[in-house]
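The numbers here are math on the coordinates, done by the rules we state, and not lab data. Remember, it's a predicted structure, so these values are computed and weren't measured experimentally. Positions of Cβ are generated from backbone atoms using ideal geometry, with glycine treated the same way; all protein chains shown enter the neighbour counts.
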2 protein chains.
Amino acid sequence: MADKKKRRKATNSEDEDSDGQRVQPFKKRLKQDTVILSSLRKLTESIRSDESTDKKTLTLSDLDLSSTCREVADLNLSSVQDAIERLVIRITQSILSGSGFSFDVPARGNANQLYVPQLDRIVLKDKTSLRPYANVSTVRKTTITTRILQLVHQLCLKNIHVTKRDLFYTDVKLFQDQAQSDAVLDDVSCMLGCTRSSLNVVAAEKGIVVGRIIFSDNGDMIDCTKMGMGGKAIPPNIDRVGDMQSDALFILLVEKDAAYMRLAEDRFYNRFPCIIVTAKGQPDVATRLFLKKMKTELKLPVLALVDSDPYGLKILSVYGCGSKNMSYDSANLTTPDIKWLGVRPSDLDKYKIPEQCRLPMTEQDIKTGKDMLEEDFVKKNSGWVDELTLMVKTKQKAEIQALSSFGFQYLTEVYLPLKLQQEDWL
Amino acid sequence: MADKKKRRKATNSEDEDSDGQRVQPFKKRLKQDTVILSSLRKLTESIRSDESTDKKTLTLSDLDLSSTCREVADLNLSSVQDAIERLVIRITQSILSGSGFSFDVPARGNANQLYVPQLDRIVLKDKTSLRPYANVSTVRKTTITTRILQLVHQLCLKNIHVTKRDLFYTDVKLFQDQAQSDAVLDDVSCMLGCTRSSLNVVAAEKGIVVGRIIFSDNGDMIDCTKMGMGGKAIPPNIDRVGDMQSDALFILLVEKDAAYMRLAEDRFYNRFPCIIVTAKGQPDVATRLFLKKMKTELKLPVLALVDSDPYGLKILSVYGCGSKNMSYDSANLTTPDIKWLGVRPSDLDKYKIPEQCRLPMTEQDIKTGKDMLEEDFVKKNSGWVDELTLMVKTKQKAEIQALSSFGFQYLTEVYLPLKLQQEDWL
């Protein structure tokens, strides 16, 4: 504690020495932590009351879309096993009755995707295509599908998890390259109506979590306030994660590793009770599932801290409304109502980020920004449209790290507290 | 426990069903775990007695190289602070005496690198170059060096860690691009004679650890047998890691994520007491420091499980003898005497890896393999030379995952136990 006080003091004196005139105006606006905490408490309560009363999570069937759209669910192992066995029996009967051997596989192309504004995510429509064995153009894919079904059935019996790469290597001769077994794996998820995690095939883990949350990972209780600076690696298999408990007021979703590290070392979660999570760049499936599970079980607001560039917003959109490739599972993978806390294009001037810490946007950046302005996911939030329009107009971007130009701890000691105090999220 | 038995049984029956004739011959060779454990115990004891008696770790001064080679040490914050202050005073005196302002910076180019066979790692020779302020070609670099010294001095006062990216952003106008501040940072390490971690500038974390080890991370005690399947993220700042305790018999260094996952889920460390660590590909500084610290404090043998390709061996060499870029710190970053457990080129035939799971080496692979044959680090181990020669001759490579062709748990239930039983490491 004495150490901490000393550290804070050192910061103050340093700020006054070298960056005083730039940092002080913002620092002076900061109120007592208790004031900031009470406004956060209001946010958390509003989210909880929303969820408990009228605004229950909409589903496809609420919107009468369940007959025209397709969705998968988390199934337990024995249900997956049953589903595979039922499918195989149906096929056997079809062969015996002389109708031959074919799968009815959901189409997953762009034409079969739909953004549903009420759900605020991309879903898969109900078009399917026939995959007959007795056809030269589909015989290979039908065989691969059958083999994947058999392998997944084995995983269910053994109750173990493997990666897509493991799956590929069990029959390289047939699959030829991993893209083929990967694609069919998604087909099988869709066909069986279950998530890919239900098939016990997981992706490599990438994300880390630290802060005010306790959960169980494969039977071990993990207390993320006691994970030092390194944090806890987010488990690849969400079905072995459970018993979530937390006294946090919000979840802080961080795009980058470096910002995560600053927050973890300063134990930001002790000053403002929160859970800090990052996928270190592009969100992977494990981190998306983990975020969703936290949001659902703990009913906490999610505030996002991303770079001020089109990709920061794109990352937000993957967490929020999903990717086209896995739209069949958007209900499980997406976390609704993520707030864009920062770094936002309007922050650059507001917080007087020096010109030399801003970067000019490339032609590609500007194109991506303009494309994003056309996305339904952005359009439904007028605040986001304004911010993105400003970015494209000024042609300037900035990383979260640009805040370091005011001192290394400016992020945790001034910028974020002030943002929270002003309830400055969109 | 009942669950575990059931799982094993399922594996057995499955093996007999589908892969029986291929797996059985190897499985039958497996002795009781107690037999395997006793041979492992011998290995651990031999390492410990080696270290405690004659073969103490050699240093540059043992070889009379300390005057011609340069090495850095882990310094605590106040020593780094002192070193910077002494340097600045020296420069001030030089200016006052009319000799001007210049730094004497160690050269870090290829010509100044040396592989020392007795140490089994790359070290930096003692050539330096003058960096005067009053010279148009060096004035910028001298200014950057001074600024970096000032920033590191601040970090010492505050006792916080930042990333290279943070450092760059504190003065973009001066540094212009990150390569410039990064390079000078290494210069500063060398000049001050301390490791980069001593400067409190860390790299992003990438590695994970699970198994029989307990350690403290920033004051929190972490028990890695209770980290579920996700494991513990290796902390970016090794100086906050301590109090290592372990009842493991060896450290299993794994190249890839997927193999790590298999080992973690099957809790391989409970059957064969070990610590499992991976950097998910190319080793990062944090993982290298962590491995070194484990090896030094726990005095355990390190067995490596990498892909059977030139890059697998290259990764081994980075852990073992270091990279040229950071040769000035090779004493802290390298872990001597890593054993190559597998997957080795000779394993492909020995374990009858199916042809379709082997991959043809590309021209580039073959060139890399031949280049590695010329490296001192490989040449000093005749077993490694034989293996690499075989690889280049057969022009075949294979990933660890290729073992999945015998069943998903072949790695943990047959391959690794058999390797350990036969003490089949080089």
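Which of B:395, B:173, B:314 ends up with the largest GNM mean-square fluctuation for chain B, with Cα atoms connected below 10 Å?
B:173
Against the longest principal axis of chain A, how steep is helix A:77-96, in degrees 0 to 90 to the nearest 10, with axes from Cα atoms?
Orientation of helix A:77-96: about 30 degrees from the principal axis.
Just grab the label-to-label distance for residue A:85 and residue A:173, each label 7 Å out from Cα along the Cβ direction, in nm (one decimal).
2.9 nm
Quick one: label points 7 angstrom along Cα→Cβ at residue B:223, distances to the other copies in nm, smallest first?
1.1
I'd like the mean, over residues of B:143-154, of how many other protein chain beta carbons sit within 10 Å of each residue's own Cβ.
Numbers: counts 0, 0, 0, 0, 0, 0, 0, 1, 1, 0, 0, 7.
The per-residue average across the peptide is 1.
Report the full-extension gain for the segment residue A:422 to residue A:349: residue separation times 0.36 nm, less the Cα-Cα distance, to one decimal in nm. Write out the running numbers ahead of the final one.
Working: separation 73, 0.36 × 73 = 26.28 nm, distance 1.65 nm.
Net length gain for the segment: 24.6 nm.
Would you tell me the mean number of C-beta atoms belonging to other protein chains that fall within 10 Å of each C-beta in A:236-245, as a whole number? Let's see the in-between values first.
Values: counts 9, 5, 0, 0, 4, 3, 0, 0, 0, 0.
What the average comes to for A:236-245 is 2.
Among A:100, A:383, A:322, which one moves the most in a GNM of chain A with springs linking Cα atoms closer than 10 Å?
Residue with maximal mean-square fluctuation among A:100, A:383, A:322: A:100.
Going 7 Å from Cα along the Cα-Cβ axis for the label, what nanometre distances separate residue B:244 from the same residue across the other copies?
Sorted ascending, the copy-to-copy spacings read 3.5 nm.
List the residues whose amide H sits under 5 Å from the amide H of residue B:396, counting only those 5 or more places along or on another chain, with H placed 1.01 Å from N in the peptide plane.
B:361
Among A:256/A:314; A:226/B:293; A:164/B:31; B:314/B:339; B:42/B:419; A:158/B:397, which pairs are too far apart, with a Cα-Cα distance over 25 Å?
On the way: A:256/A:314 14 Å; A:226/B:293 21 Å; A:164/B:31 32 Å; B:314/B:339 14 Å; B:42/B:419 15 Å; A:158/B:397 30 Å.
From A:256/A:314; A:226/B:293; A:164/B:31; B:314/B:339; B:42/B:419; A:158/B:397, over 25 Å: A:164/B:31; A:158/B:397.
Closest to the B-onto-A rotation axis, which residue of chain B has its Cβ, and how many Å off the axis is it?
It is B:233, 2, counting Cβ atoms only.
If you put a point 7 Å past Cα along the Cβ direction, how far is that point for residue A:183 from the same point in each other copy, in nm, smallest first?
Relative to the other copies, residue A:183 has label-point distances of 4.5 nm.
Treat each spin label as a single point 7 Å out from the Cα along the C-beta direction, and report the residue B:28 to residue B:92 distance in nm.
According to this spin-label approximation, the distance is 8.1 nm.
Each label point is 7 Å from the Cα along the Cα-to-Cβ direction; what then is the distance between the points at residue B:126 and residue B:57, in nm?
2.3 nm
Where a Cα-Cα gap under 16 Å defines reach, which aspartates and glutamates qualify for residue B:206, not counting those fewer than 8 residues away within the same chain?
Within reach: A:205, A:255, A:257, A:284, B:217, B:255, B:257, B:284.
I'd like the FRET efficiency for residue A:382 and residue A:49, computed as 1/(1 + (r/R0)^6) with the beta carbon distance as r and R0 of 30 Å, rounded to 0.05.
It comes to 0.80.
What 222 nm value per residue comes from the helices of the protein assembly as shown, counting each DSSP H run with n ≥ 4 as -39,500 (n - 2.57) and dividing by all residues, nearest 500 deg cm²/dmol?
On the way: 36 runs with 382 residues, N = 852.
Calculated mean residue ellipticity at 222 nm is -13500 deg cm²/dmol.
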